[in-house]
1. Please report the carbon-and-sulfur percent of the accessible area for the stretch 358-504; probe 1.4 Å, protein heavy atoms only, DNA, RNA and ligands left out.
2. When Lys and Arg each count +1 and Asp and Glu each count -1, what net charge do the other residues less than 13 Å away from V256, Cβ to Cβ, add up to?
3. FRET efficiency for A53 and I232, Cβ-Cβ distance as r, R0 = 30 Å, nearest 0.05?
4. Which whole number of Å³ per residue matches the convex hull of the alpha-carbon atoms in the stretch 160-206?
5. Convex hull over the Cα atoms of the stretch 400-504, averaged projected area in nm²?
6. From the phi angles alone, apply the Karplus equation (6.51, -1.76, 1.60; θ = phi - 60°) to the stretch 238-254 and give each ³J(HN,Hα) in whole Hz, x where the residue is Gly or Pro.
7. Considering amide H positions built from the backbone, and no H for Pro or chain starts, which residues 5 or more places from E368, or on another chain, come under 5 Å of its amide H?
8. Please give the per residue accessible area of the chain, computed with a probe of 1.4 Å over protein heavy atoms only, in Å².
Amino acid sequence: MEKLPALVAILGGLTLARIAFGKVRTHLLLKKIPGPPVSSYLWGEEWELYHSAPGSLYTSWHKSYGSVVRFSGAFGHQIITITDPRAISFILSEKTYGFPKARGVRAWFEATVGRGILWVEGKSAHEQQRRFLAPPLSGHNIKNFLPVLFDTSSKLATKISRLLDRSPEDERLIEFTDWSGRFALDAVCGAVFGYDFDCLSGRDDALSLSLDELTNNEHRASSFYMRALFWIFPTILKLGRKGDIIQQTKKLLGEVATTMWQDAKAGGDRGGKSLMAQLLRIEEDGKTPIIEEELVSQMRSIISAGYEPVSATLSWLLYELSVNQDLQQELREEVATLPDNSVASINSLPLLDAVLKETLRIHPPISENHHEAGSTISIPLSTPLSGSGDTEIIVPEGTVLAIPLTVIHKDQKTWGPDANAFRPKRWFDIQRGKERQLMAFSEGPRTCLGRTFALLELKIAILTLVSQFKFRCDVEIEEFQSFVVRPRVKGQTASSLPLLVSRL
């Protein structure tokens, strides 16, 4: 026992030495990469990132230092932000599984939804889960969701009509961030799982409130500490009030998922095309046992992925149409020509398609795509590194890599001198190669599974709403960073989008 303190001291010393050696090695390998001077030796650039407009610092850095930039996070850990197209293709498409999600991001997904498709890494494990989930969400099967998506959009329109009925004026101020979230929850649960969540009834619901609280309190100091530290200390996700919210959200998501599965087993449609019908057939076949906890993790993942990005994008769509009245009217005239409610007809409306793509370009729900180097690796560049002229960079294992969509989506070399402007008709002339630069759903083998579903869902919501209502906005709206980039009234702390609505 007398030797124990000495042993602990030796082990502690070796651990500190290993950490110090790793930091020195990382610094030496990355020293050629230019970047901003360190703002704080404790927080690095995290404090500035937290208090600046989403993407603004990344834009400034890449303008000053080129397409590959190095900056410091909390406690000096190094982050590389990359806009070089060759490097991005290498990371996302060519060596996908050599660049897993950053450790903190994986910890976030495990803490909130479990070990599902959003968390899993490794080629074999990921492809197995993707094969399981992809068929119901494929383009071939997407037509099966049309009745539910039109029904959910009609319910949202009905709710707006009832709010207008109770107004003494022809025009009423309606807060849309809440209704966008309720629409997204009802749509994903109804279409993918065949379950009527009934959020659009306006009832108080613990899950929707918890999901909102999870990412809509970014003005609190605890949110800064968590965002700054979870990259290097993922256990922080279990601490404090924010940790309690994370655990509560996971619990509620699990309860909803379990209820949907139990209800489906009791009386679900085994012959349908939904994911739930597929699961019921697999269970009935008996060849592949379904482990309920694994299933619940997948269901949590799908609900979460179908909620945050879709609700934020629907809000931004409505905002952009509200501040572009001529565009709103032109879109209204286009959707009036829709010959039927088929997928082909909906996707044949060029302005509707352009408005959605432009919204995703200007307001990508996820502002940065974060990965890390699974091993020390050389990443090729299409443009020589600023300062050194190197055509590749050596990245140490564990280094966090950020792909800033807000910078890529507003690059004047790709989008023209008016890249910062919301101009949907630019998409009428864009060639297919440039269209790949729209990275809201990522690219490569890990492209978002729900991409086709989400695009169709948003198109149906917008064509339903603009054909019945007129929207306008008379307050200044700004972006703020939560889990996704949300709108809020300038100067406020929480997400908000008050729009003036009237019937046509």
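The values are calculated or read from the model by the stated rules, or taken from the named source; none is laboratory data. Because the structure is predicted, anything quoted here is derived from the model rather than measured. Counting neighbours? That spans all protein chains shown, and the Cβs are built from the backbone with ideal geometry, glycine included. Side chains included, ligands, DNA and RNA excluded: accessible areas come from the protein's heavy atoms. Shrake-Rupley method; radii C 1.70, N 1.55, O 1.52, S 1.80 Å.
1. 47
2. Charge balance in the 13 Å sphere: -3.
3. For A53 and I232, the calculated efficiency is 0.75.
4. Working: hull volume 3.9 nm³, N = 47.
Hull volume normalised by residue count: 83 Å³.
5. On the way: hull surface 37.8 nm².
Quarter of the Cα hull surface area: 9.5 nm².
6. Along the stretch 238-254, the couplings run 9, 9, x, 4, 5, x, 5, 5, 4, 5, 5, 5, 4, 4, 5, 4, x Hz.
7. L405
8. Normalised by residue count, the accessible surface of the chain is 45 Å².
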